[in-house]
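What follows draws every value from the coordinates through simple rules; no lab data is involved. Because the structure is a prediction, the values reported are computed rather than measured. With ideal geometry, Cβ positions are generated from the backbone for all residues, glycine too; neighbour counts draw on all protein chains shown.
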Amino acid sequence: MIESRLVPNVNIFSDINSSMPIDEFSQKGFGVSNLKESGGASFKDVLSGLVTNLNNEIEKPDQLLNEQMMGNSEVDIHDVVTAMAKAELGISLASQMTSKVVTAYNTVMQISI
């Protein structure tokens, strides 16, 4: 039996925040003409931010290794290995996301109107 202290107290329904009530959404319809501009960041800005973060993650192992080789006692070899694993994971994720986006694009282009 699971002890209650080990189970997190999470209520996912309180965390869901709808931008539009369901009945208002059903009255407006699902058409593209009914979409409103959100005023948030553009797709280009989000994508460039993700690429910048990935680039920083890729450069971090080199920086940590240089600091460790220069004798910085605050940097341990385990930090370097962890940073390398994070960079490898980030590259793998970016590669998979790219292939999924290309697949989705090809699927959309095959739809006949």
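Some points to look at:
- The value of relative contact order for region 41-109, using C-alpha pairs under 8 Å at least six residues apart, is 32 percent.
- Order of Ser112, Ser73, Ser99 under a 10 Å beta carbon neighbour criterion, fewest first: Ser112, Ser73, Ser99
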